[in-house]
Amino acid sequence: MRIGTHFAYWGRTWTVDYIALAKRAKACGLDVLEVGADHLLNMTDAQLEELRVTAKDLGLEISANLGPPKDKDISSADPAVRAAGVEFLCGILNQMVKLDCKILIGACYNHWPYDFVDIDKEALWARAVECLKIVGDEAERLGITIALEILNRFESCILNTVEEGLKFCADIGKPAVKLLLDTFHMNIEEDNIGDAFRLAGDMVAHVHVGEANRKLPGTGRNMPWAEIGQALKDINYKGMVVMEPFLLYGGEVGDAIKVWRDLSGGADDAKMDEMMTESVKFLRSLEA
């Protein structure tokens, strides 16, 4: 498995030094660093090239994670907002090429965090599908895969289960548009996590892993990790397995993810790295 982590594991703000984090990720034994996709729009070509070269030299792959803002929501009832959303997503895809980043993941089909002002699921679904047909064509042209993240009911009303995700992708009908399955969300919504992976099969383009409380994989006892590992083998999954652990209380990240207590046990920087390294070892043990 190519194991990675979301960049925000180490901080409380969405603004980070990706060069420093790439080196830190490599030191922890990671193969992938997941960056903020919207950050790419604010990076110069020189900055993108520096990150591309740094990642290549370290042997790291880059994935791009997105939660679109409300004014770029392709499920919006406002045509101008949808148009802005399509332009936003296509702009990110073209920046990803400069970074040699091959996968855009996240809840690209609506805004995040979702505010549930509009809960007309059928209308939201239809509008997002039509926009993603356009974005899917651009992704295919650029050789990029879009992996739509299936979220729990408290974060989205559009896609909550693998069954819905498969129908959504079928409605879009673009080969570049597939699914991201996340064990945190699956633990809330799916009847059986292993069966959900097997149902998704080759439509799984990206995997997020974490404990039921978003701690590092291997630190809890609620998630069926052996079953998850077997399910990935059953579907012959060859993509990235990226952790999304959020442990730190406070700041932009903690507030957005709803972390209302310190889940790190008071860890300093060295301890955070040590815990990440141990979690990487745990995930690799599932391959045995």
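Listing for the model above:
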read-out	value
Residue that is farthest from LEU159 (Cα to Cα), among those in the range 193-248 that are assigned to a helix (DSSP H, G or I) and touching a Lys or Arg at 6+ places or on another chain (Cβ under 8 Å)	ASP234
Flag if ALA170 is outside any strand (DSSP E or B) and surrounded by fewer than 18 Cβ atoms within 10 Å (Cβ to Cβ)	yes
Hits in the range 55-84 - residues which are among the acidic types (Asp, Glu) and in contact with a strand residue (DSSP E or B) (Cβ under 9 Å, 6 or more places away or on another chain)	GLU61
Number of the condition not met by GLU274 [criteria: (1) touching a residue at least 24 places away in the same chain (Cβ under 8 Å); (2) surrounded by 13 or more Cβ atoms within 10 Å (Cβ to Cβ)]	(1)
Qualifying residue in the range 121-135 (condition: among the aromatic types (Phe, Trp, Tyr) and closer than 16 Å to ARG82 by Cα)	yes
Some residue of the range 104-111 being touching a residue at least 40 places away in the same chain (Cβ under 8 Å) and over 20 Å from the mean Cα position of the chain (by Cα)	no
Pairs, first within 11 Å of GLY210 (Cα to Cα) in the range 227-245, second of a type in the set (S, T, N, Q) and part of a strand (DSSP E or B), C-beta under 9 Å, six or more apart	VAL242/THR5; VAL242/SER63; VAL242/ASN65; MET243/THR5; GLU244/THR5; GLU244/ASN65; PRO245/THR5
Members of the range 11-29 that are in contact with a helix residue (DSSP H, G or I) (Cβ under 6 Å, 6 or more places away or on another chain) and either assigned to a helix (DSSP H, G or I) or under 30 Å from ILE235 (Cα atoms) (or both)	TYR18, ILE19, LEU21, ALA22, LYS26, CYS28, GLY29
Filter result for LYS121 (under 30 Å from VAL259 (Cβ atoms), over 17 Å from the mean Cα position of the chain (by Cα) and basic (Lys, Arg))	yes
Only one of ARG2, ARG52 that is in contact with a strand residue (DSSP E or B) (Cβ under 6 Å, 6 or more places away or on another chain), modelled with pLDDT of 95 or more and surrounded by fewer than 16 Cβ atoms within 10 Å (Cβ to Cβ)	ARG2
Qualifying residues in the range 212-247 (those that are over 19 Å from the mean Cα position of the chain (by Cα) and of a type in the set (Lys, Arg)) - the one farthest from THR183 (Cα to Cα)	LYS233
Among (1) within 23 Å of VAL129 (Cα to Cα); (2) out of contact with any Ser or Thr (no Cβ under 9 Å at 6 or more places or on another chain), the one test that LYS178 misses	(2)
Residue among VAL204, VAL209 that is of a type in the set (Val, Ile, Thr), surrounded by 23 or more Cβ atoms within 10 Å (Cβ to Cβ), more than 30 Å from THR13 (Cβ to Cβ) and under 19 Å from the mean Cα position of the chain (by Cα)	VAL204
Residue selected from the range 184-198 under the condition farther than 27 Å from GLY143 by Cβ and of a type in the set (A, V, I, L, M, F, W, C), by the criterion nearest to the chain's Cα centre (by Cα)	PHE184
Selection count, the range 135-165, where residues are surrounded by fewer than 17 Cβ atoms within 10 Å (Cβ to Cβ) and either of a type in the set (A, V, I, L, M, F, W, C) or under 18 Å from MET240 (Cβ atoms) (or both)	3
Some residue of the range 179-189 being buried (at least 23 other Cβ atoms within 10 Å of the Cβ), part of a loop (DSSP other than H, G, I, E, B) and modelled with pLDDT of 95 or more	no
Extreme residue, nearest to the chain's Cα centre (by Cα), among residues of the range 52-84 that are farther than 26 Å from TRP112 by Cα and of a type outside the set (Lys, Arg)	LEU60
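The values are calculated or read from the model by the stated rules, or taken from the named source; none is laboratory data. Everything numeric in this text was worked out from a predicted model, so none of it was measured. With ideal geometry, Cβ positions are generated from the backbone for all residues, glycine too; neighbour counts draw on all protein chains shown.
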